[in-house]
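Right, one structure below, let's go through it.
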Amino acid sequence: MKPINASSISLLVILSVACFYSSCGESQSELGVAKPVFDAHIEPILVENCIPCHRENGGAPFTLTSYEKIRKKAKTIAKVTALRYMPPWPADPSYSHFIGEKRLSEAQIQTIQNWVKQGCAPGKNPGALLANVKPFQSALGTPDYVMYLDSVTLQQGDQDRFFLMKASAQLPEKTYIRAVELVPGQRQLMHHFNGHLINYTPGAKSNFNTQPLKVEITPNSVKSQTADLDLMTDNGIIPERVHSVVNYLPGVIGQMYPEGIGTFEVNSQFSIIGNDVHYGPSAKTCTDRSKINLFFTKIPPKRGLGELMLGTNGVSKIEPPLVIPPNRVTEHKTQFTVPEDISVLTVNPHLHLLGKSITAYAIKPNGDTIPMIRIPKWDFRWQYFYTYEKMLKIPRGSRIEVIAVFDNTVKNPFNPFNPPQTVSERYEYGGSSMKATDEMFQFIITYVGYQPGDENISLRTDETTRSKP
Ligand code: HEC
């Protein structure tokens, strides 16, 4: 063995100091664990990043809830993680950060590669963590009340189907609601739920009951929708709706904000109306029974949520208008100047199948740019509501700009038409068409009016960390 002399020691010191100040340390760890075993190295990565979906009711088409199941799929797992196809997280982490960011580090990816190449060693006690995994119930814990939606049977070969739905609740008294979470029965088929609240003054609707109702939206049923949902009070009025108390899009899980933010009060009798409840085409006949979980709080509402919608159906127009000719890649922009200081909690970019990328930022009156979100490779299958780690202040007079690119060529594997056809926004039933074969370009911002110190308020709540199994 070569003796270590004084000069080689000082070289080591210099090297490690250099590593400390540069990123050598990081690139070392990017190699991952050299001889990984399942229980110590692989299982924790998968439980954290994959199992939330790859368990019963988790939304993925198969579960990865045992060593055996994982070993059988090991090669595919190595492939999809190296490609960063799984876990799905379309937002660019070099642009902005969000709660629940699901992204493996280079080291984790490499550890999985090493484990698979070396034959998937189990370790001493494989499956101990997986043994605690339960079927998905809620991302927010145990609900205080569950509202059920009416069941819908989807036939094999069905195309898009749309419903208007009502779920109702009867509580002992007026109650503060801290969070509302829609849990689809068939996660792979429900594409969209947007729920509005109707509060009934006690006694105003003598036939109030909690029976769920639904009406299918077809060109012929438009007129009868309101009547069929039995929304009227005894006096023949329909109380005003509180908009968007719950939303669902593919990949969305329940969100709870810090106490007092976004809390709202319900009367003892209330209904949630789902407009345009959208089911995508179904490959097999099955029945969906979705539910709405309610989480109560004793703390009264302090700050109500605002919703700002840019683009389709929203406050700002799209330029040039959203008409995408065949065989073209087009870029469109929508912009809005905020009239007051706001603190942004959550953003939700929404495009359909021709979407290729979307970027949103705000330009402050002094010219500085606030990055909001960048999705370099749009994927229709993952339309999360992205919640910032801390509230994002956008000062009065800032211009929010959103740029989306659409690919209407045959190179887009999701193009619903071959050969490509002109695709555009299409309005029907008084709103824009939600059909996946029509396009949308929407950017939805959930905010509260700014208060000093908001920038330091973390939006992580104990409950969001409960989203892990
Ligand atoms: C947000 C939910 C979610 C998370 C988190 C997630 N998956 Fe998936 N996964 C899905 C869904 C849904 C599909 C099926 C649709 C698809 O292939 O895009 C899928 C498909 C797969 C496939 C099949 C791909 C193919 O081409 O056949 C593999 C393998 C996989 N996931 C592994 C993983 C691994 C490993 C992780 C964690 C590192 C992970 N997934 C995290 C939801 C998820």
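Looking only at region 353-368, count every residue that is of a type outside the set (V, I, T) and part of a strand (DSSP E or B) and tell me the total.
So the first thing to find is which residues in region 353-368 are of a type outside the set (V, I, T), and the list is 353-357, 360-362, 364-368.
Still in the list and also part of a strand (DSSP E or B): 355-357, 360-362.
Summing the residues that are of a type outside the set (V, I, T) and part of a strand (DSSP E or B) in region 353-368 gives 6.
How many residues are of a type in the set (G, A, S) and closer than 16 Å to K364 by Cα if we restrict to region 387-411? Walk me through it before giving the result.
From region 387-411, those of a type in the set (G, A, S) are 397-398, 404; that's our starting set.
Pick out the ones that are also closer than 16 Å to K364 by Cα and you get 397-398.
Going through region 387-411 one residue at a time, the tally reaches 2.
Would you point out the residue of region 165-199, among those that are assigned to a strand (DSSP E or B) and charged (D, E, K, R), that is farthest from the chain's Cα centre (by Cα)?
Initial filter on region 165-199 (assigned to a strand (DSSP E or B)): 165-170, 175-183, 190-199.
With charged (D, E, K, R) added as a condition, the list becomes 166, 178, 181.
Details: K166: 23, R178: 18, E181: 12 Å.
Filtering first and then ranking leaves K166.
Is there a residue being of a type outside the set (V, I, T), surrounded by 15 or more Cβ atoms within 10 Å (Cβ to Cβ) and touching a Pro at 6+ places or on another chain (Cβ under 9 Å) anywhere in region 227-244?
Yes, region 227-244 contains at least one residue that is of a type outside the set (V, I, T), surrounded by 15 or more Cβ atoms within 10 Å (Cβ to Cβ) and touching a Pro at 6+ places or on another chain (Cβ under 9 Å).
Could you tell me which numbered condition Y85 fails, if it satisfies all but one of (1) exposed (fewer than 15 other Cβ atoms within 10 Å of the Cβ); (2) hydroxyl-bearing (S, T, Y); (3) in contact with a His (Cβ under 6 Å, 6 or more places away or on another chain)?
Among (1) exposed (fewer than 15 other Cβ atoms within 10 Å of the Cβ); (2) hydroxyl-bearing (S, T, Y); (3) in contact with a His (Cβ under 6 Å, 6 or more places away or on another chain), the lone unmet condition for Y85 is (3).
For A131, are the conditions met, namely being within 16 Å of the ligand (Cβ to nearest atom), surrounded by fewer than 20 Cβ atoms within 10 Å (Cβ to Cβ) and outside any loop (DSSP other than H, G, I, E, B)? I'd like the intermediate steps shown before the answer.
Working: within 16 Å of the ligand (Cβ to nearest atom): no; surrounded by fewer than 20 Cβ atoms within 10 Å (Cβ to Cβ): yes; outside any loop (DSSP other than H, G, I, E, B): yes.
When the stated conditions are applied, A131 does not pass them.
Keeping to region 30-74, report how many residues are near the ligand (Cβ under 9 Å from one of its atoms) and either touching a strand residue (DSSP E or B) at 6+ places or on another chain (Cβ under 9 Å) or outside any loop (DSSP other than H, G, I, E, B) (or both).
Looking only at that region, the number is 5.
Any chance region 219-233 includes a residue that's touching a strand residue (DSSP E or B) at 6+ places or on another chain (Cβ under 7 Å), of a type outside the set (D, E, K, R) and within 19 Å of S138 (Cβ to Cβ)?
Within region 219-233, none of the residues are touching a strand residue (DSSP E or B) at 6+ places or on another chain (Cβ under 7 Å), of a type outside the set (D, E, K, R) and within 19 Å of S138 (Cβ to Cβ).
Of all residues in region 85-99, which are without any contact (Cβ under 8 Å) to a residue 40 or more places away in the chain, farther than 14 Å from L46 by Cα and within 10 Å of the ligand (Cβ to nearest atom)? Full working, then the answer.
At the first step, the residues of region 85-99 found to be without any contact (Cβ under 8 Å) to a residue 40 or more places away in the chain are 85-87, 93-94.
Cutting the leftovers down to farther than 14 Å from L46 by Cα gives us 85, 93-94.
The answer is Y85, and nothing else.
Check off (1) surrounded by fewer than 14 Cβ atoms within 10 Å (Cβ to Cβ); (2) away from the ligand (no atom under 16 Å from the Cβ) for R381 and give me the number that stays unchecked.
Here R381 clears every test but (2).
Each reported figure results from applying straightforward, stated rules to the coordinates on display, with no laboratory input. This is a predicted model, so every value here is computed, not measured. Glycine gets a Cβ as well: all are built from the backbone with ideal geometry, and neighbour counts include every protein chain shown.
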